Amino acid sequence: MSRIKSKDTSPELYVRSTLHQAGFRFRLHVKEMPGKPDIVLPKYKTVIFVHGCFWHRHPGCSRATMPSSNTDYWKTKFERNVERDKKEREKLHSEGWKVIIIWECEVKEKTKKIIFFLKKLHPHK
């Protein structure tokens, strides 16, 4: 598990590249914020998490499989991940941030929708 990347994953790089090409500027992995969001757009008071379907348990996704060995360990680990994600989202919402989750299996279609959403928030972009 030590070789699993938590930053700069392929889906995250795709989202960052697409946002940047569309003219958006952002900060990365802000340590002071709950959950260290992958992308922070301060101008829009919006954060984006690019979640892996396996680690964050994307409901109904075929990538959110359960390992066949040591299932008790994995079940507990996944439950902690999901609970932590929920608490971090709630904290960000309470601080006035809009929270967007992009699942790795939906990166390309969702990124385009997010750009449209952000441009509606700030029309002169």
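A short reminder: the numbers here are calculations on the coordinates, not readings from a lab. These numbers come from a predicted model, not from an experiment. Here the Cβ is made from the backbone with ideal geometry for all residues, glycine too, and neighbour counts use every protein chain on show.
General remarks:
- Across the options Asn81, Pro59, Tyr14, the greatest Cα extent toward the positive end of the charge dipole of region 4-125 (unit charges at beta carbon of Lys, Arg, Asp, Glu) belongs to Tyr14.
- Normalised contact order of the chain, rounded percent, pairs of Cα under 8 Å and 6 or more residues apart: 28
- Long hydrophobic helices in the chain: the complete DSSP H runs spanning 15 Å or more by Cα along their own axis with mean Kyte-Doolittle hydropathy of at least -0.5 are 107-121.
- Rounded to the nearest 20, the size of the Cβ-charge dipole of region 1-80 about its Cα centre is 200 debye, with Lys and Arg at +1 and Asp and Glu at -1.
- Expressed as a fraction of 2.2 N^0.38 Å, the C-alpha radius of gyration for the chain is 1.11.
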